1. For a Förster distance of 35 Å, can you work out the FRET efficiency between the beta-carbons of Leu5 and Ala83, rounded to the nearest 0.05?
2. Which one, (i) 20.7; (ii) 28.2; (iii) 17.1, gives mean projected area of the Cα convex hull in nm² as derived from the coordinates shown?
3. Over what distance in Å are the Cα centres of the range 1-60 and the range 233-264 separated?
4. Sort His172, His255 by heavy-atom solvent-accessible area, probe 1.4 angstrom, most to least.
5. When the helices in the chain are scored as -39500 (n - 2.57) per DSSP H run of 4 or longer and the sum is shared across all residues, what 222 nm value do you end up with, to the nearest 500 deg cm²/dmol?
6. On a full-extension model of 0.36 nm per residue, what is the gain between Ala13 and Gln183, subtracting their alpha-carbon distance, rounded to one decimal in nm?
7. Could you check the simple spin-label distance between Val30 and Gln115, using points 7 Å along Cα→Cβ, in nm with one decimal?
8. What order, most packed first, do the peptides 25-34, 131-140 have when packing is the mean number of other Cβ atoms within 10 Å of each residue?
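The values are calculated or read from the model by the stated rules, or taken from the named source; none is laboratory data. Owing to the predicted nature of the structure, the values given are computational and were not obtained by experimental measurement. Cβ placement follows ideal geometry from the backbone for every residue including glycine, while neighbour counts extend to all protein chains displayed. Just so you know, the surface numbers come from the protein's heavy atoms only, side chains and all, with ligands and any DNA or RNA stripped out. Shrake-Rupley method; radii C 1.70, N 1.55, O 1.52, S 1.80 Å.
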Amino acid sequence: YNADLPYDIEQQALFGEVSYDVTDVLNLTVGGRWYDFDETRTINQGGLFSSLFDNVVDNTASDGFTPRVLASLDLSDQVTLNAQVSQGFRLGGVNDPINRTLCTPEDELIFGGFQDYDDETMWNYEAGIKSAFANGVTLNAAGFYADIEDLQVTLDAGSCSSRVSFNVPDAHTAGVEFELGAQPTEALQFSLAGSFLEAEFDSTVTDATGAVLGGVEDGNRLASVPEFQMAATGSYYFPLALAGGSEAFLSATVHHVGDRYTQP
């Protein structure tokens, strides 16, 4: 099997933001991005196990506007609250043809109908706090919820020795993340950071046989997303007496990442 897949990708975009101090403590920012994508791909295949496509041209095009609004409120010189609503976008595309000469009849039925996939969009809602206190203590934290439409998921196409991408109508991620720091002396620094996440499909995708496709079922976890992460770091700084005012440090870190699925 051999393949030549040249791409021609053109992207145009305009983006900007405007900030306004509503009061001495409240600031609003409004921004947006207009985009226009055009992607052309040519498929050329050869070899015993290929489908022998020759100079087949696929085109993907999309345009639109993604906004965001941010608000920042200074409760004091030490504490700031912030909130954000924003939209994200990921371009769709066309799958490479499956290698039908290698597929079992069942896998050809299951995966043969996924020719292209749509744009993915997401609305993100977030609120957080940034704070700084005496003795070098800082606390930053945020909670968020992301509503995803037409999530792009990629699976191995069984016996076909191919991979296919397709859309899941609805999914979401929700969670909190925090970062706590302290500097009790000029020589000592400590930090603790972590996140708790829920990332799940909100739709079920079935294949041509009516079975759930590759674990993409309402309530199942998204791939590559750990539910829990934590990192703790401690550092000690000290002068080097023989180096003309230079400084050195020792640091130790403990990092834990929870379990993840590589595919749904």
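1. Values: r = 43 Å, r/R0 = 1.24.
Efficiency, rounded to the nearest 0.05: 0.20.
2. (i)
3. That distance is 38 Å.
4. Details: His172 15, His255 120 Å².
The most accessible residue leads, giving His255, His172.
5. Values: 1 runs with 7 residues, N = 264.
Result for the chain: -500 deg cm²/dmol, rounded to the nearest 500.
6. On the way: separation 170, 0.36 × 170 = 61.20 nm, distance 4.35 nm.
Contour length minus Cα-Cα distance gives 56.9 nm.
7. With each label point 7 Å from Cα toward Cβ, the separation is 4.2 nm.
8. On the way: 25-34: 14.7, 131-140: 13.1.
Going by the mean number of other Cβ atoms within 10 Å, highest first, we get 25-34, 131-140.
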